[in-house]
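FYI, it's all coordinate maths here, none of it is from the lab. Keep in mind that what you see is a predicted model, and the values were worked out from it rather than measured. Note that we place each Cβ from the backbone using ideal geometry, even for glycine, and neighbour counts take in every protein chain shown.
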Amino acid sequence: MTGKLKSIAVYCGHQFGTDPQFARDAATIGEFLGRNNIRMVFGGGDVGLMGTVATAALDAGGHVIGVSTNNVIEKQEPVHTGVDIKIVDGVNERKQKMFELSDAFIILPGGIGTLNELTDIMTMQQIGESKKPLFFLNTSGFWIPFVRLFIHMQRQGFIESIHDYNIHGASTPDDLIKKIMEY
């Protein structure tokens, strides 16, 4: 097990995406968390990559906490059975609760919600409200356009160096797991 990291939030899509590797990598990350007794915190849904990573963590004997809202449950996604579910009033409270319950964050491929959660964490790092590490899994180059945008914002003088953020990226689950274990 990792020393400092006892609880990690995983942000990812509530859909599977077009590349089957997304789901395979999500399952590998979930299995790693469960097998290493690292509590997983996630959005609570039993759909897409969210469901895949949670199921893998549970199947590996892990403890999983899902944080969701009534609105999300009623309109979009069923709650994952077997997880410790926390229901909060809205999406901002959901993000805050996930932040409070976690020592670090893993970002897998996802959509607008994943991007929103990612940029919230980066903003908190930028203004000094968080030093918690952020681990990217760049499955099949998924995050390359975001990294290019980040470099563009830096070149245009809107953000400082990437080194000002506590970000660790990898292209494979094995490389990401190694970075998490070394942290």
From the list (i) 107; (ii) 165; (iii) 117, can you say which value of volume of the Cα convex hull per residue in Å³ was derived from the structure given?
-> (i)
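Need one word for segment 36-78: rounded, prolate or oblate. Basis is the Cα gyration tensor (sqrt eigenvalues a ≥ b ≥ c); a/c below 1.5 gives rounded, then a/b vs b/c decides.
prolate
Quickly estimate the mean residue ellipticity at 222 nm for the chain, helices only: each DSSP H run with n ≥ 4 gives -39500 (n - 2.57), and the total goes over all residues, rounded to 500.
-13500 deg cm²/dmol
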In the structure shown, do any of 6/95; 6/86; 75/178; 75/97; 75/132; 132/178 have a Cα-Cα gap over 28 Å, and if so which?
-> 75/178; 75/132
Mean Cβ count within 10 Å, highest first, over the residues of peptides 148-157, 172-181 = 172-181, 148-157
Taking a ≥ b ≥ c as the square roots of the Cα gyration tensor eigenvalues, with a/c under 1.5 meaning rounded and otherwise prolate when a/b beats b/c or oblate if not, segment 133-183 comes out oblate
Spin-label point model (7 Å from Cα, Cβ direction): what's the residue 147 to residue 100 distance in nm?
-> 3.5
Considering only the chain, percent of DSSP beta bridges that pair antiparallel, nearest 5 = 5
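Compute the relative contact order of segment 7-182 as a whole-number percentage, counting only Cα pairs closer than 8 Å that sit 6 or more residues apart in sequence.
Answer for segment 7-182 is 22 percent.
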Expressed as a whole-number percentage, the relative contact order of segment 27-67 with C-alpha contacts under 8 angstrom and at least six residues apart is 53
